[in-house]
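Here is the structure we will look at.
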Amino acid sequence: MRILTGIQPSGTLHIGNYFGAIKPAVELQARGDAFYFIADYHSMTTLTDPAKRRENVLNVALDFLACGLDPARSVFWVQSAVPEVCELTWLLGTVAPMGLIERAHSYKDKLARGFSPSFGLFAYPVLMAADILLFNSNIVPVGRDQKQHVEITRDIAIKFNLAYGEVFTVPEPEIREDAATVPGLDGQKMSKSYGNTIDIFGDEKAMRKKIMGIVMDSRTPQEPKPDADKNLAVQLLRLFAPAGVAKDTEERLRAGGLGYGDLKKTLFGHYWDYFAAARAKRAELAANLDYVNKVLADGAARARTVASPILKKAREACGL
Ligand code: ADP
Ligand code: TRP
């Protein structure tokens, strides 16, 4: 079974990305052949600063490896190092129905957020289909926001196979409902675009300040909090504190007597401990960039070995 997913190098990764995308991807390495890449071609639809792109690509590579991506087991590369994906984007684009691409909500969402409309932003789902189909992927783990793109990929694969013969595997999306939406510092979905993130590998002082600055309500510490299960710190503790801590904290809040200052201190402590091993690993990797670049170069070579015959088959099927 082949599992494939991509992550855009569009900013600093936060704990929503970790629990929603990275952790599931790392766990899936045990279930099949994992193919994971950094989607730098995709990032061009919203980011135009070349230095920033290079910096982000390196940071995502360090983050992913530090969090447990095992290059001995999985193929890990930067999308643009396998440019075959661009050729496949064209082949697929010629069978992708206009109406299907026009229905993609991510394009409308991006315009609503102020990005300027471009052909690339519009055609993004076709590039994503090429990412997936170029490797005959079976399973595509993604967040809920990406489900429609995997459905579009399925439609494009079926269309192509109907037109030119059985070339592509039709993939399935896999959505983890348990960590589907990690809340941010303001209680809304955590997202780079909302400025409410807790970075996975943030600076200690800055992260402590962010967490201690979470606004709760004005009830006194002694007051019982019957709605303790909805408290943001309790929700986050469920993700990264050892079993029992979130439940115990929730009960102390419910009974009254636990102040929000102490609660946030506990939250910071568990956040900091949870990522301690990964943080040490990341520092080690950052001091050894030759190794990281070699992992990515080897990954690109392995990815090309898999992609080339599939692209060749598609070209021949089309009469090219
Ligand atoms: P952002 O919203 O910060 O721009 P992206 O859209 O780049 O994040 O998402 C990258 C990956 O992380 C996707 O698979 C997405 O589903 C997941 N993800 C992002 N934010 C969250 C969140 N708050 N909770 C769970 N998963 C998330
Ligand atoms: N579009 C995805 C996102 O923004 C990233 C991505 C690009 C991807 N190509 C992919 C995810 C292929 C899964 C499969 O999060």
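The values are calculated or read from the model by the stated rules, or taken from the named source; none is laboratory data. Remember, predicted model here, so these are calculated numbers, not experimental data. As a convention, Cβ positions derive from the backbone with ideal geometry for all residues, glycine included, and neighbour counts pool all protein chains shown. Areas reflect the complete protein model, heavy atoms only, side chains present, ligands, DNA and RNA absent. Shrake-Rupley method; radii C 1.70, N 1.55, O 1.52, S 1.80 Å.
All other residues whose Cβ lies under 13 angstrom from that of Gly244 are scored, Lys and Arg at +1 and Asp and Glu at -1, for a net of 0. For the range 202-274, the per residue solvent-accessible surface stands at 55 Å², with DNA, RNA and ligands left out and a 1.4 Å probe.
Would you please name the chymotrypsin sites (Phe, Trp or Tyr not before Pro) within the range 272-306 that are DSSP coil residues with at most 13 other C-beta atoms within 10 Å of their C-beta? Here no chymotrypsin sites (Phe, Trp or Tyr not before Pro) fit, given the DSSP loop and packing criteria. Only protein heavy atoms count here; on that basis, with a 1.4 Å probe, Asp298 has an accessible area of about 70 Å².
For the range 202-274, the dipole from Cβ point charges (+1 on Lys and Arg, -1 on Asp and Glu) about the Cα centre works out to 160 debye, to the nearest 20. Expressed as a whole percent, the accessible surface of the range 167-320 that belongs to carbon and sulfur atoms is 53, based on a 1.4 Å probe.
Per-residue extension of 0.36 nm, minus the Cα-Cα distance of Asp290 and Gln29, leaves a gain of 91.6 nm for this segment.
Sorting Phe115, Phe201 by accessible area puts them as Phe115, Phe201; the probe is 1.4 Å, largest comes first, and only protein heavy atoms count. When the chain is described by a simple charge dipole with +1 on each Lys and Arg Cβ and -1 on each Asp and Glu Cβ, the residue from Ala255, Leu239, Gly195 located farthest towards its positive end is Gly195. The range 198-234 and the range 68-92 have Cα centres spaced 39 Å apart.
Here's how it looks for Gln8: its modeled amide H is under 5 Å from those of Ala39, which are all 5 or more places away or on a different chain.
The phi-based Karplus calculation (6.51 cos²θ - 1.76 cosθ + 1.60; θ = phi - 60°) puts the 3J(HN,Hα) values of the range 305-311 at 4, 6, 6, 4, x, 6, 5 Hz, whole numbers, x for Gly and Pro.
List the residues of the range 28-58 whose backbone N lies under 20 Å from a point placed 7 Å from the Cα of Glu172 along the Cα-to-Cβ direction. Residues passing the 20 Å test: 28-36. Size descriptors for the range 202-274, from the alpha-carbon set: Rg then Dmax equal 11.8, 34 Å. Multiplying the residue separation of Ala280 and Arg103 by 0.36 nm and subtracting their alpha-carbon distance yields 59.3 nm. Placing dummy labels 7 Å off each Cα toward the beta-carbon, the span from Arg113 to Arg219 is 3.4 nm. Bridge orientation summary for the chain: considering DSSP beta bridges with both residues in this region, about 10 percent are antiparallel. Between the residues Phe119, Ile175, Ile152, the greatest Cα displacement towards the positive end of the dipole of the range 111-230, with unit charges on the Cβ of Lys, Arg, Asp and Glu, is found for Phe119. Extension gain for Asp186-Lys313 works out to 40.7 nm (0.36 nm per residue, less the C-alpha to C-alpha distance).
Dividing the summed helix terms, -39500 (n - 2.57) for each DSSP H run of n ≥ 4, by the number of residues in the chain produces a 222 nm estimate of -16500 deg cm²/dmol to the nearest 500. Using the Cβ of Leu47 as centre and a radius below 14 Å, the other residues enclosed give a net charge of +3, where K and R count +1 and D and E count -1. Debye sum, Cα scatterers, the chain, no solvent: what log₁₀ I/I(0) at q = 0.08, 0.12 1/Å? At q = 0.08, 0.12 Å⁻¹ the computed log10 ratios are -0.42, -0.86.
To test your reading of the geometry: what angle, between 0 and 90 degrees and rounded to tens, separates the Cα axis of helix 84-93 from the longest principal axis of the chain? Long axis of 84-93 versus the principal axis of the chain: about 80 degrees. Look at where the Cα atoms of the range 253-320 and of the range 134-188 average out, and the two centres are 19 Å apart.
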